[in-house]
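For reference, the structure discussed in these notes is given below.
The values are calculated or read from the model by the stated rules, or taken from the named source; none is laboratory data. Not measured: the values here are computed from a predicted model. Because the Cβ atoms are built from the backbone with ideal geometry, glycine has one as well, and the counts that use them run over all protein chains shown.
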Amino acid sequence: MDGSILALNCGSSSIKFAVFSADLASLFKGQVENIGGGLSPRGIIEGKHLVLDPSLAAHDSIIAHLIGDIIVPRSGAVAAVGHRVVHGSTVFSRPVLIDEVIRARIAEFAPLAPSHQPHNLAGIDAVEHALPGVPQVACFDTAFHRTIAEHLQLFALPKRFADEGLRRFGFHGLSYDGVAGELARRHGASAGGLAVICHLGNGCSIAGLVDGRSAWTSMGFTPLEGLIMGRRPGRLDPGVVLWLVERHGVEAVDTMLNTESGILGISGISSDMRTLLAHDSEPARLAVTMFVDRLVQEIGAAAAAIGGIDRLVFTGGIGENAAAIRARTLDALGWLGFELDEMANGAHATTITTTASPRAAHVIAADEERVIARATAKLAGPDQG
């Protein structure tokens, strides 16, 4: 393959990107925030601020600017582009080359992920406009979890709803894929067995892996289920949602569940865990306590679902950087055989349990962009998969 590989993750108000050489060496990465909503976009590349014209107010113009004025001058022609696509439903269990038919199928799943899928599609369309004819690859967050047993995908509802597509899908699959690969590289054959991975960021979920394959996940039909998150409540009694809708209406409740809940809603201060850990107030402490309590419960559920636990992994912004959250979690899981190494944890070491600990806990950085780039190189390279 001649040229660079661009990995894109397009959200509602942000674009994360990473550029790799044809042999998958990382060249540079960055992100643009404040897209739309009348705000001036701001960008960062390799920790340095990127000055953007305020007239760049949408995904298409920003992606065209990134490709034409930043990526190509720095790394040469773009040979292929890979995209994070949140939802692949039951149709896509692996990355695919995008054509008109595939794009149409991706669009069909937009109602399953209305806060994400339209923006993933906007990135695909923007690249097609900026780089006509350049191969594009869709990498699905849900695909990693297609190995989960059927009985764990279904809800206890009449079967006709499952036939309509109502089932547990799971998300953050690109992150889990990358962590599973890194575990195998670091620990070889011993990385097999039973691993529980905690992806903790603004969105949070857990996956239970058996020999590197997803066997259980905390998120379900949508990214609202499971752990308490930055702005999402996680697991709720369905009666709570009915009660809220009856009193406040569907639209208001949808907004509240997706943007006003979670640790932001509990604390009334921030959705950022760093802020809450530094904030000396009872609401902040309550939000942190509830976050850890639900995390511990869901780790227990994962271990029960997969038949035990050999390794626990923390990844994502909170998982990789919040030593206090890791410490409180492992302290609560001491009965499972996790013995925290306080110095290692404070230094964000790759292994944060003692050498005598019956079970190991690790910190592994999420690298979704590399997972996307690897799949893109495989599918868009000269051998076409």
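Scanning region 237-261 for residues that are closer than 22 Å to HIS116 by Cα and among the small types (Gly, Ala, Ser) gives ALA252, SER261. Apart from one condition, GLY307 fits all of (1) surrounded by 15 or more Cβ atoms within 10 Å (Cβ to Cβ); (2) touching a residue at least 40 places away in the same chain (Cβ under 8 Å); (3) under 30 Å from LEU183 (Cα atoms); the exception is (1). Pairing each residue of region 230-243 that is closer than 13 Å to GLY220 by Cα with any residue that is among the aliphatic types (A, V, I, L, M), provided the two are 6+ apart or on different chains, yields C-beta distances under 6 Å for GLY234/LEU227; GLY234/ILE228.
Counting only helices (runs of 4 or more DSSP H) that fall entirely inside region 147-225 and contain at least 2 residues that are of a type outside the set (Gly, Ala, Ser) and under 20 Å from VAL85 (Cα atoms), the qualifying elements are 173-187.
Count of region 334-353 residues, restricted to those that are in a loop (DSSP other than H, G, I, E, B) and exposed (fewer than 15 other Cβ atoms within 10 Å of the Cβ), is 4.
Looking at the structure I just gave you, is HIS87 in contact with a helix residue (DSSP H, G or I) (Cβ under 6 Å, 6 or more places away or on another chain), modelled with pLDDT of 90 or more and within 25 Å of THR259 (Cβ to Cβ)?
So HIS87 fits the description; yes.
No other residue among GLY319, GLY307 is closer than 25 Å to VAL86 by Cα, modelled with pLDDT of 95 or more, of a type in the set (Gly, Ala, Ser) and assigned by TED's automatic domain parsing to the domain that holds GLY193 apart from GLY319.
Cβ separations smaller than 8 Å between residues 6+ apart or across chains give the following pairs from region 184-199 residues that are surrounded by fewer than 16 Cβ atoms within 10 Å (Cβ to Cβ) to residues that are part of a helix (DSSP H, G or I): ALA184/ALA191. Of all positions in region 36-57, at least one carries a residue that is touching a strand residue (DSSP E or B) at 6+ places or on another chain (Cβ under 8 Å), among the acidic types (Asp, Glu) and either crowded, with 22+ Cβ neighbours inside 10 Å or in the same structural domain as GLU128 (by TED's automatic domain parsing) (or both). Considering region 271-285, the residues that are surrounded by 15 or more Cβ atoms within 10 Å (Cβ to Cβ) and in contact with a helix residue (DSSP H, G or I) (Cβ under 6 Å, 6 or more places away or on another chain) include one that is farthest from PRO233 (Cα to Cα), namely LEU277. Residues in region 43-100 that are at positive phi, among the small types (Gly, Ala, Ser) and within 24 Å of the chain's Cα centre (by Cα): GLY47, SER89. Scanning region 128-175 for residues being free of Cβ contacts under 8 Å to residues at least 40 places away in the same chain and surrounded by fewer than 18 Cβ atoms within 10 Å (Cβ to Cβ) gives a total of 15.
Can you name the number of the only condition in (1) surrounded by 14 or more Cβ atoms within 10 Å (Cβ to Cβ); (2) more than 18 Å from the chain's Cα centre (by Cα) that PRO111 fails? Here PRO111 clears every test but (1). Residues that are within 16 Å of the chain's Cα centre (by Cα) and of a type in the set (Lys, Arg) within region 214-265 comprise ARG231, ARG232, listed in sequence order. Of all residues in region 67-83, those that are out of contact with any helix residue (DSSP H, G or I) (no Cβ under 6 Å at 6 or more places or on another chain) and either crowded, with 19+ Cβ neighbours inside 10 Å or not acidic (Asp, Glu) (or both) total 11.
The residues of region 40-52 that are without any contact (Cβ under 8 Å) to a residue 24 or more places away in the chain and farther than 20 Å from ASN120 by Cβ, listed by number, are SER40, ARG42, ILE44, GLU46, GLY47, LYS48, HIS49, LEU50, VAL51, LEU52.
Scanning region 1-29 for residues that are crowded, with 16+ Cβ neighbours inside 10 Å and without any contact (Cβ under 8 Å) to a residue 24 or more places away in the chain turns up just one, SER14.
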